[in-house]
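*Asks:* I am attaching a structure below and will ask some questions about it afterwards.
The values are calculated or read from the model by the stated rules, or taken from the named source; none is laboratory data. Just so you know, these numbers come straight off a predicted model, no measurement behind them. Cβ placement follows ideal geometry from the backbone for every residue including glycine, while neighbour counts extend to all protein chains displayed.
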Amino acid sequence: MQVLQVVFYLVMPYFITKALEKWKKLGIISPILLCYVIGIILGNLSFLPIDRQLAFSLSEYSVPVAIPLILFATDFKSWFRLAKKTIISFLLVIVAAMASALLAGYLFAGLVDEYWKISGMLIGVYTGGTPNLMAIGMGLKVNEGTLILTNTADAILGGLYFLFLITGAKWLSSRFLPAFTGTSPAPQVAATKEETGRWSLVFAVLLSLVIVALSVATSIVLTGRIEVSVVMLMLTTLGIAASFLRKVREIPGTYEAGQYALLVFSLALGTNINLHELVASSSLVFLYTAFVMTTAIIIHFVLAYFFRIDTDTAIITSTAGIFGPAFIGPVAEALDNREVIIPGLTCGLVGYAVGNYLGFAIAWLLMP
């Protein structure tokens, strides 16, 4: 039964992603959210003989492997080659996320359990993405229910914001931001992980496992035990360091492999969640997440006005911060502007790299 359970956790995310690809109308649903939902449903069926300890162990191992794989695709050199306005706008995204998370921490202190941990996770997700939220949550030893609630609230609110981005965002922001002026022909998609590279994905996974082992060893040397926050920060640092090696950066499929590991994490963790407890404690976490996300977006666009950031750049960098690279293409298409695709993807990947550092820093700053 344990072997069958492991096989299920490893294979089910594949069918979920294929189903979402086939039924385009479900595209707004996050695959991670869907994995959570399926896991929670299965975990609350009393007649299923689920080994919850096995599921928890699998979820613990998935995220550390995923973080380096996702970071391998980051190209920091291309970040410094971006237009000045793009870099400024993404820095404003980071400033806005930090300000909103700090403000929420002070306003909700005493009202929401683990409020400082939630602020840290939201900093991670609104400067980088879901991998950062999960890494920070595990590093801060957040309650499993709080982790899923925060991610679920982010997915629901993110869906609403995505609808706004592809419908009325350009019309509204053009009322107070200048128009985009292109400086070069529309770029072709850069040769990154999609193109050939002689290093196999198997090597990338092995390299990720080596980085995990080095991170654990570093934690033991520094603290005398496996301190998850130290492990996550070391994973981030070593993953970034590896990305500076061109042959590592251009290994095809590392980003997708990392995302797949996160789906395994979500499915396995979901089976350990008590549905009744989840529903009972959801309202304040949802409100907390809504406050941080909405405030961060508003602050960013207000700052963009004062820094004279153009409409398309403000929108695409906001997309990179709130969602990460995955949503850059659809939003750029809605903007009818291919020139912002590469800058948006670059900002999203850089956000993955900095999100963990910022998330832990803000959480520790707010820690009572």
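*Asks:* Mind checking which residues of the stretch 203-231 are in contact with a Ser or Thr (Cβ under 6 Å, 6 or more places away or on another chain) and among the β-branched types (V, I, T)?
*Replies:* Once the filter is applied, which keeps residues that are in contact with a Ser or Thr (Cβ under 6 Å, 6 or more places away or on another chain) and among the β-branched types (V, I, T), the stretch 203-231 yields I226, V230, V231.
*Asks:* Related question: Quick test for you: out of I341, I299, I315, I328, pick the one residue that is more than 20 Å from N151 (Cβ to Cβ), free of Cβ contacts under 8 Å to residues at least 24 places away in the same chain and either in a helix (DSSP H, G or I) or of a type outside the set (V, I, T) (or both).
*Replies:* Result of the check over I341, I299, I315, I328: I328.
*Asks:* For the stretch 130-160, name all the residues that are on the phi < 0 side of the Ramachandran plot and part of a loop (DSSP other than H, G, I, E, B).
*Replies:* L140, V142, N143, listed by residue number.
*Asks:* Something else about it: Any residue that is out of contact with any Pro (no Cβ under 7 Å at 6 or more places or on another chain) and either surrounded by fewer than 20 Cβ atoms within 10 Å (Cβ to Cβ) or farther than 28 Å from S243 by Cβ (or both) - is there at least one of those in the stretch 59-68?
*Replies:* Yes; the residues of the stretch 59-68 include at least one that is out of contact with any Pro (no Cβ under 7 Å at 6 or more places or on another chain) and either surrounded by fewer than 20 Cβ atoms within 10 Å (Cβ to Cβ) or farther than 28 Å from S243 by Cβ (or both).
Here's the yes/no breakdown for (1) among the aromatic types (F, W, Y); (2) touching a Phe, Trp or Tyr at 6+ places or on another chain (Cβ under 7 Å); (3) not in a helix (DSSP H, G or I):
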| position | (1), (2), (3) |
| --- | --- |
| L207 | no, no, no |
| G239 | no, yes, no |
| K247 | no, yes, no |
| I251 | no, yes, yes |
| A268 | no, yes, no |
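*Asks:* Taking the condition modelled with pLDDT of 85 or more and surrounded by 15 or more Cβ atoms within 10 Å (Cβ to Cβ), does Y106 pass?
*Replies:* no
*Asks:* Continuing with the same structure: Pick out the one residue from F180, F203 that is among the aromatic types (F, W, Y), in a loop (DSSP other than H, G, I, E, B) and either surrounded by fewer than 18 Cβ atoms within 10 Å (Cβ to Cβ) or modelled with pLDDT of 85 or more (or both).
*Replies:* F180
*Asks:* Continuing with the same structure: Can you pull out the residues in the stretch 51-87 that are in a helix (DSSP H, G or I), within 18 Å of V340 (Cβ to Cβ) and within 21 Å of the chain's Cα centre (by Cα)?
*Replies:* S78, W79, T86, I87
*Asks:* Considering only the stretch 223-235, I want to know if a residue exists there that is modelled with pLDDT of 85 or more, in contact with a helix residue (DSSP H, G or I) (Cβ under 6 Å, 6 or more places away or on another chain) and under 23 Å from L33 (Cβ atoms).
*Replies:* yes
*Asks:* State all residues of the stretch 154-176 that are in contact (Cβ under 8 Å) with a residue 24 or more places away in the chain, under 13 Å from D312 (Cα atoms) and among the small types (G, A, S); if no residue qualifies, say none.
*Replies:* Of everything in the stretch 154-176, those that are in contact (Cβ under 8 Å) with a residue 24 or more places away in the chain, under 13 Å from D312 (Cα atoms) and among the small types (G, A, S) turn out to be A169, S173, S174.
*Asks:* Answer with yes or no whether A97 is assigned to a helix (DSSP H, G or I), more than 20 Å from the chain's Cα centre (by Cα) and buried (at least 19 other Cβ atoms within 10 Å of the Cβ).
*Replies:* So A97 fails the test.
*Asks:* Find all pairs meeting these conditions: Cβ atoms under 8 angstrom apart; at least six residues apart or on different chains; first residue within the stretch 8-25 and assigned to a helix (DSSP H, G or I); second residue modelled with pLDDT under 80 and surrounded by 11 or more Cβ atoms within 10 Å (Cβ to Cβ).
*Replies:* Partner pairs satisfying both residue conditions: A19/L26; L20/L26; L20/G27; L20/I29.
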